[in-house]
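**Student:** Okay, handing you the structure first.
Here, each number is a calculation from the coordinates, and none is a lab measurement. Source: prediction; values computed, not measured. Reconstructed Cβ throughout: ideal geometry from the backbone, glycine too, with neighbour counts over all protein chains shown.
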Amino acid sequence: MWFDNLQIIRTIDDLVDSLNNVVTAPSSYPAAGADDGYYYSTAFLHSGYTCVNIGNAANHTVNGGYVRFANVQVPQGAQIASATVRLRACSSRSGSVSVRIRAVAADNPSAPGSATAIANAVKTTASADWSPAAWTEGEIYETPDIGAVIQEIIDREGWESGNAILIDIANNGTAYQNYRDFYAIEYAGGAYKAALIIGYSE
């Protein structure tokens, strides 16, 4: 019954979007192993692993996870109605976590080649704070709406449809050993990789 209700809610949401001329862009994903990972301080970059952790797994002052979404098909200057990142939990965890989601403020960023490259990169002014509830391994979770973050990138003069967006999910006061982790593109041939879902109007 709950599934039927969820389908009804989604159908209603689709109808509202249609009436508001909202287009759902094709989902965007990381395209290569370097496109997702996590960093500890400005010294340790972990890419190529099967899971990406966010929160505070290693007790560094600066740490976070990132995903570079390739080929984001939204035209420059579009009005973003909504945007979320969809993640699949790599393990079951319940400790209290607080993170802040922003994007690297660039027209078409490359995947970071070092921890410094992502930790010290200029980020968007817009952000979204997230305190995810407990996660169960294998289940799918979505971030809060990060539409304002995506809008700031899409409004850049140098933005073009098909460019990449690099999302940073940084620790925001989480206690040591509390974290969540999600599957990276390396796991199961990318079957469970992160997805960026954007609704917009022109």
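**Student:** Return the distance in nm (one decimal) between the two label points of a simple spin-label model at Ser27 and Glu160, each offset 7 Å from Cα along Cα→Cβ.
**Tutor:** 2.7 nm
**Student:** If the only charges are +1 at each Lys and Arg Cβ and -1 at each Asp and Glu Cβ, what is the size of the charge dipole of the chain around the Cα centre, to the nearest 20 debye?
**Tutor:** Working: 11 positive and 20 negative charges, 114 e Å.
It works out to roughly 540 debye.
**Student:** Next question. Within 12 Å, Cβ to Cβ, of Pro30, how many net charges do the neighbouring residues add up to if Lys/Arg are +1 and Asp/Glu are -1?
**Tutor:** Working: positive: Arg68, Lys193; negative: Asp35, Asp36, Glu186.
Every neighbour counted, the sum reads -1.
**Student:** Would you mind computing, in nm to one decimal, how far apart the modelled labels at Ser41 and Ala134 are, each placed 7 Å from Cα along Cα→Cβ?
**Tutor:** 3.4 nm
**Student:** Could you give the alpha-carbon Rg of the chain over 2.2 N^0.38 Å, rounded to two decimals?
**Tutor:** Working: Rg = 16.5 Å, N = 202, 2.2 N^0.38 = 16.5 Å.
That works out to 1.00 for the chain.
**Student:** HN-Hα J couplings of the stretch 131-141 from phi, Karplus 6.51/-1.76/1.60, θ = phi - 60°, integer Hz, Gly and Pro as x?
**Tutor:** With coefficients 6.51, -1.76 and 1.60, one gets 10, x, 5, 4, 10, 10, 3, x, 7, 9, 10 Hz.
**Student:** Here's another thing I want to ask about it. For a label point 7 angstrom out from the Cα of Ser201 toward its Cβ, which stretches of the stretch 77-109 have the backbone nitrogen within less than 19 Å?
**Tutor:** 77-84
**Student:** Taking Cα pairs under 8 Å and at least six residues apart, what relative contact order does the chain come out at, in percent? Kindly include the intermediate steps, with their values, before the conclusion.
**Tutor:** Working: 534 pairs, mean separation 72.8, N = 202.
Here the relative contact order equals 36 percent.
**Student:** On to the next question. Once R0 is set to 22 Å, what does the formula 1/(1 + (r/R0)^6) return for the Cβ-Cβ distance between Ala105 and Tyr49, expressed as a FRET efficiency to the nearest 0.05?
**Tutor:** It comes to 0.25.
**Student:** Let me ask you something else. Let me know the shape class of the stretch 76-134, please: from the alpha-carbon gyration tensor, a ≥ b ≥ c as square roots of the eigenvalues, rounded when a/c is under 1.5, otherwise prolate if a/b is greater than b/c, or oblate. If you can, show how the numbers build up before the last one.
**Tutor:** Details: a/c = 2.05, a/b = 1.34, b/c = 1.52.
The shape class here is oblate.
**Student:** Provide the per-residue ³J(HN,Hα) series for the stretch 34-45, in order, calculated from phi with Karplus coefficients 6.51, -1.76, 1.60 and θ = phi - 60°, each as a whole number of Hz, with x at glycine and proline positions.
**Tutor:** For the stretch 34-45, the Karplus-derived couplings read 6, 7, 9, x, 8, 9, 10, 6, 9, 10, 10, 10 Hz, x marking Gly and Pro.
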